[in-house]
1. Could you identify which residue out of F21, F106, F57 has the top mean-square fluctuation in a GNM of the chain using Cα springs shorter than 10 Å?
2. Give me the one-decimal nm value for the distance between modelled label points at R104 and K13, 7 Å along each residue's Cα-to-Cβ direction.
3. At 1.4 Å probe size, with no ligands or nucleic acids counted, give the accessible surface of R14 in Å², nearest ten.
4. In whole percent, how big is the carbon plus sulfur part of the accessible area of the chain, probe 1.4 Å, protein atoms only?
5. What figure, in Å² to the nearest 10, do you get for the accessible area of T95 with a 1.4 Å probe and non-protein molecules left out?
6. Near K26, which aspartates and glutamates are there with a Cα under 20 Å away, not counting those fewer than 8 places off in the same chain?
7. Would you list, by chain and number, the lysines whose Cα falls below 22 Å from the Cα of K13, excluding same-chain residues fewer than 8 positions away?
8. From the list (i) 10.1; (ii) 11.4; (iii) 7.2, can you say which value of mean projected area of the Cα convex hull in nm² was derived from the structure given?
Amino acid sequence: YTDIAWSSSGGQKRVSSSESFLFSLKCHAGLPAVKMSIKDGQHSNAVYHDSRYGPSFGHDYFGIYCDLLIALCSDSIQTNLSNSGHAYHLPDGVTDPYFLTGSREFEVADYEVFQV
């Protein structure tokens, strides 16, 4: 979730938010539904806008780490990435940054977008 309107125009930019969070109803690790809040000091890395990608959360300054990135075309060179725990908290007791998807790179089978 983010309170920031998504934009693919205007080039690459990190967008600050103190309201953003990640959540999962079902994950690879078999955990019950989880909510991952943004870490203190990471608000400026909450959301990343780039015309080459879909939603991106927790993108660091150098683009090396990203808690969750959805590519625009998952069948292209672009890859969906999950590497949780950089800008967003891991759930209590979880140390595996790939607990959501089972690996760093993953395929999206289906996703839903909600307007709140």
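The values are calculated or read from the model by the stated rules, or taken from the named source; none is laboratory data. Treat the numbers as computed from the prediction; the structure is a model and nothing was measured. Counting neighbours? That spans all protein chains shown, and the Cβs are built from the backbone with ideal geometry, glycine included. For accessibility, only protein heavy atoms count, side chains too; no ligands or nucleic acids. Shrake-Rupley method; radii C 1.70, N 1.55, O 1.52, S 1.80 Å.
1. Evaluated over the chain, the most mobile residue of the options is F106.
2. 2.9
3. For R14, solvent-accessible area is about 90 Å².
4. Its accessible area is 52 percent carbon and sulfur atoms.
5. Its heavy atoms expose roughly 120 Å² to the probe.
6. D67, D92, D96, E105, E107, D110, E112
7. K39
8. Given (i) 10.1; (ii) 11.4; (iii) 7.2, the structure-derived one carries the label (iii).
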